[in-house]
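This report refers to the structure that appears directly beneath it.
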Amino acid sequence: MKKIIFASKNEGKVAEVRKILSELNMQIVSLSDVDFVGEREESGKSFEENAKIKAIEIFNNYKLPTLADDSGLVVEQLNSEPGIFSARYAGINADDEANNFKLLKNLSNKPAPHRAKFVCTAVYFSGEEIHTTVGEINGKIISKARGTNGFGYDPLFVPDGYSKTMAELDPGIKNSISHRFKAFDQIKQHLLSV
């Protein structure tokens, strides 16, 4: 079975991507599975640049086809913040609570609704070909966290067409509408066609 490395140690994200790509009949291994040590640098100026940096670095280490992604929250009233800094919005070692607190603080003097979107850029690198896809989900930020089925900004984000936050939605529904699903589903279609 063909092996692909997914450049992540986040087991929740790895499980999600394995499920999306399950039709491919390929073994998807994480950075933990290949005993990767060290930190991948995210020095790009966009989600796409960061995803490409990760994919190329991991491919060069292991010489196996590699998947990588970079994703985050983009808020209109904050000039697209937190954007590529979503995971470290409140500082390098910030947790979800600190990032959410900073987001709400920065929106506190702005009028609702707080339009936002989650963006995911996914990259597949075979060593020869680099294929990039983008998935987005639009919605709004609410002023009080709700739900426990998610991570990051999920408890504050209500997708368009829903009354529940991403953290309140059933995981099956969330995973079928998410930015990550949309980006990796396009990767799946590409790999099925090559």
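The values are calculated or read from the model by the stated rules, or taken from the named source; none is laboratory data. All figures in this text were calculated on a predicted structure; none of them were measured in a lab. As a convention, Cβ positions derive from the backbone with ideal geometry for all residues, glycine included, and neighbour counts pool all protein chains shown.
Okay, here's what the table says:
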{"quantity": "Which numbered condition residue 34 fails, given (1) in a helix (DSSP H, G or I); (2) closer than 30 Å to residue 194 by Cα", "calculated": "(1)"}
{"quantity": "Top-ranked residue of segment 146-170 - restricted to ones that are of a type in the set (Ser, Thr, Tyr) and modelled with pLDDT of 95 or more, ranked as nearest to residue 100 (Cα to Cα)", "calculated": "153"}
{"quantity": "Qualifying residue in segment 81-93 (condition: surrounded by 15 or more Cβ atoms within 10 Å (Cβ to Cβ) and farther than 22 Å from residue 136 by Cα)", "calculated": "yes"}
{"quantity": "Residue tally, condition out of contact with any His (no Cβ under 7 Å at 6 or more places or on another chain) and in contact (Cβ under 8 Å) with a residue 60 or more places away in the chain, over segment 140-160", "calculated": "4"}
{"quantity": "Residue in segment 4-11 that is surrounded by 13 or more Cβ atoms within 10 Å (Cβ to Cβ), assigned to a helix (DSSP H, G or I) and touching a strand residue (DSSP E or B) at 6+ places or on another chain (Cβ under 6 Å) present", "calculated": "no"}
{"quantity": "Residue pairs meeting the criteria (Cβ under 9 Å; at least 6 apart or on separate chains; first at negative phi and of a type in the set (Phe, Trp, Tyr), in segment 62-86; second surrounded by 20 or more Cβ atoms within 10 Å (Cβ to Cβ) and modelled with pLDDT of 95 or more)", "calculated": "62/5; 85/72"}
{"quantity": "Matching residues in segment 45-64 - criterion: being small (Gly, Ala, Ser) and in contact with a strand residue (DSSP E or B) (Cβ under 6 Å, 6 or more places away or on another chain)", "calculated": "51, 55"}
{"quantity": "Test: residue 47 is within 14 Å of the chain's Cα centre (by Cα) and without any contact (Cβ under 8 Å) to a residue 60 or more places away in the chain", "calculated": "no"}
{"quantity": "Matching residues, segment 12-31, being touching a residue at least 24 places away in the same chain (Cβ under 8 Å), surrounded by 16 or more Cβ atoms within 10 Å (Cβ to Cβ) and assigned to a helix (DSSP H, G or I)", "calculated": "13, 16, 17, 20, 24"}
{"quantity": "Long-range neighbours under 6 Å by Cβ, at least six apart or interchain, first residue within 14 Å of residue 8 (Cβ to Cβ) and in contact (Cβ under 8 Å) with a residue 12 or more places away in the chain within segment 117-131, second among the hydrophobic types (A, V, I, L, M, F, W, C) and surrounded by fewer than 22 Cβ atoms within 10 Å (Cβ to Cβ)", "calculated": "121/134"}
{"quantity": "Residue in segment 107-114 that is surrounded by fewer than 21 Cβ atoms within 10 Å (Cβ to Cβ), at pLDDT 95 or above and in a helix (DSSP H, G or I) present", "calculated": "yes"}
{"quantity": "Residue ID - surrounded by the most Cβ atoms within 10 Å (Cβ to Cβ), chosen from residues in segment 118-132 that are in a strand (DSSP E or B) and over 12 Å from the mean Cα position of the chain (by Cα)", "calculated": "125"}
{"quantity": "Residue check for residue 164: farther than 20 Å from residue 89 by Cα and surrounded by fewer than 19 Cβ atoms within 10 Å (Cβ to Cβ)", "calculated": "yes"}
